[in-house]
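The values are calculated or read from the model by the stated rules, or taken from the named source; none is laboratory data. From a predicted model like this one, the values you see are computed outputs, not experimental measurements. A quick note on method: Cβ atoms are made from the backbone with ideal geometry, for glycine too, and the neighbour counts reach across all protein chains shown.
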């Protein structure tokens, strides 16, 4: 995939992951794109670890793979960052 396709792919996956994982998500649209792209890399690694193919293009199985990676990334980021003091 080209760089523009990865950015669009990352935006879609990042927005969906942000919608599915509850909690505060500062950073705006750029952070959503980064989370989506990094989620695709993490999801591809997780799928490869279990013997499956990861991201193969702009299709539904690749979106699911990237979405799983983005959700894992968001959970990890929120676990590391912890709850803000009130």
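Some values worked out for this structure:
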{"item": "Count of residues meeting criterion [in contact with a helix residue (DSSP H, G or I) (Cβ under 7 Å, 6 or more places away or on another chain) and surrounded by 13 or more Cβ atoms within 10 Å (Cβ to Cβ)] in the range 42-71", "result": "16"}
{"item": "Residue that is free of Cβ contacts under 8 Å to residues at least 40 places away in the same chain and closer than 19 Å to residue 4 by Cβ, where the choices are 42, 33, 63", "result": "33"}
{"item": "The range 41-84 - residue that is assigned to a loop (DSSP other than H, G, I, E, B) and within 18 Å of residue 22 (Cα to Cα) and, of those, modelled with the highest pLDDT", "result": "82"}
